[in-house]
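The values are calculated or read from the model by the stated rules, or taken from the named source; none is laboratory data. The shown structure was predicted, so the numbers you read here are calculated from the model rather than taken from an experiment. No Cβ is skipped: glycine too gets one built from the backbone with ideal geometry, and neighbour counts run over all protein chains shown.
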Amino acid sequence: MKLSVAIAPKSPFQTHVSHAEIAFQEGVHRFWIGDSIEGYDPFLTLLGLSAILQKKRFGISVVATSLYHPFNIVRKILTLQELVSEPVIIGLGAGDKRSSNLLRLERSVSLFIEKVHSIVNFIQKGEDPKYPHLQMKRPRSVPLVFLGTQNQSVLSSLCDIVDGYIGNTGSVHELSHLLEKNPFKTVSTFIPVFFPNDEKYQQRNISLLNMVISSVSRKTLEAFPTEISSILLKIKKKTTRLEELPLDKLHLLADEFCLVMERKAVQRKLRELDSIGVQEILLGGISQKDLPSTLQFLRSLMPK
């Protein structure tokens, strides 16, 4: 299993640079950035990073396809790929509802599936039947396209045409449920780091856990043990909040969705992720100050 680091898209560019420098010094496999209308353009950000940190691996998790025309996404991807030394991994997602609503853009499952087909066709063949008047020169080095969604109908429709999958959860139950009928060639997943005994991380712990839980679909609640699904359902119905949960319930959810920074908990989680075929974990929620010690600790526990 490979160890990588992800950073929030709203972070300033210099924070991206210093975070990536530390991560690569500590031997991470890849540095991932996100996409948000409130952050920098991820393609330009990666161009800047690759100019400063040459011969390093990068990825975007995930590009919000609702914000772009598929041809423009491909232009950005292929331009980026031509200017960096290593194959870039591009995760494709539908984008969040809020961003689409703010820009008054259409967002639907069928449109997302259609866009991914067009993007893959342009990258692999240089053309797409939906846009016969558009031609794209194929790159010397082909980037990898990963799917970043938890919608089962999308996974089933696109599993065979993409190079891999990027999950948005550290939950083995949820990942197993999502991947059960969709055997992707490569599986990576974002997993927030949870510091259980550090008060300075309390608000960040809650924020990261809220972010991951908000992406859980009600359709996948059946994948979880009863105790966890009942808590999730209350949160979904807004009859309770994470901040109001007793400490033991909060830690139960953290253990399900995050990488809890205790030796036995980390070892167990890494073994479980490895057993279901996860090849790379994208660590999120680590401050720059704590990044070296956290990565050193985790590297010593990674499955061989």
Of residues in the stretch 18-35 being surrounded by fewer than 16 Cβ atoms within 10 Å (Cβ to Cβ) and in contact with a helix residue (DSSP H, G or I) (Cβ under 8 Å, 6 or more places away or on another chain), the one nearest to LEU147 (Cα to Cα)
GLY27
If you go through the stretch 220-232 one residue at a time, how many are in a helix (DSSP H, G or I) and surrounded by 15 or more Cβ atoms within 10 Å (Cβ to Cβ)?
7
Could you check, for the stretch 65-75, whether at least one of its residues is surrounded by 16 or more Cβ atoms within 10 Å (Cβ to Cβ) and touching a strand residue (DSSP E or B) at 6+ places or on another chain (Cβ under 6 Å)?
yes
Which of the residues that make up the stretch 207-219 are surrounded by fewer than 19 Cβ atoms within 10 Å (Cβ to Cβ) and either within 18 Å of the chain's Cα centre (by Cα) or more than 23 Å from GLY148 (Cα to Cα) (or both)?
SER207, ASN210, MET211, ILE213, SER214, SER215, SER217
Can you tell me which residue in the stretch 125-155 is farthest from LEU46 (Cα to Cα), limited to those that are surrounded by 15 or more Cβ atoms within 10 Å (Cβ to Cβ) and among the small types (Gly, Ala, Ser)?
GLY126
Tell me, please, whether a residue that is within 22 Å of LEU134 (Cα to Cα), touching a residue at least 24 places away in the same chain (Cβ under 8 Å) and in a helix (DSSP H, G or I) can be found in the stretch 38-48.
yes
The conditions are (1) touching a residue at least 12 places away in the same chain (Cβ under 8 Å); (2) within 24 Å of MET211 (Cα to Cα), and GLY27 fails exactly one of them. Which is it?
(2)
Scanning the stretch 45-62 for residues that are surrounded by 14 or more Cβ atoms within 10 Å (Cβ to Cβ) and of a type in the set (Val, Ile, Thr) gives THR45, ILE60, VAL62
Residue in the stretch 178-206 that is nearest to ASN151 (Cα to Cα), counting only those that are in a helix (DSSP H, G or I) and of a type outside the set (Lys, Arg)
LEU178
Look at the stretch 153-170 and say how many of its residues are within 20 Å of GLN124 (Cβ to Cβ) and among the small types (Gly, Ala, Ser).
2
How about the stretch 113-169: which of its residues are among the aliphatic types (A, V, I, L, M) and not in a helix (DSSP H, G or I)?
LEU134, MET136, VAL142, LEU144, VAL145, LEU147, ILE161, VAL162, ILE166
Go through the residues of the stretch 125-148 one by one and say whether even a single one is in contact with a Phe, Trp or Tyr (Cβ under 7 Å, 6 or more places away or on another chain), closer than 13 Å to LEU78 by Cα and at pLDDT below 90.
yes
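Okay, residues lined up against (1) within 24 Å of LEU3 (Cβ to Cβ); (2) under 17 Å from the mean Cα position of the chain (by Cα); (3) among the small types (Gly, Ala, Ser):
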site	(1), (2), (3)
LEU46	yes, yes, no
PHE71	no, no, no
GLY91	yes, yes, yes
ALA94	no, yes, yes
SER118	no, no, yes
Going by what's in this entry, would LYS76 be described as in contact with a Phe, Trp or Tyr (Cβ under 8 Å, 6 or more places away or on another chain), assigned to a loop (DSSP other than H, G, I, E, B) and touching a residue at least 12 places away in the same chain (Cβ under 8 Å)?
no
Restricting the stretch 176-205 to residues that are among the charged types (D, E, K, R) and farther than 13 Å from ILE286 by Cα, the one farthest from the chain's Cα centre (by Cα) turns out to be GLU199
Looking across the stretch 235-260 at residues that are assigned to a loop (DSSP other than H, G, I, E, B) and more than 20 Å from the chain's Cα centre (by Cα), the single one that is surrounded by the most Cβ atoms within 10 Å (Cβ to Cβ) is LEU245
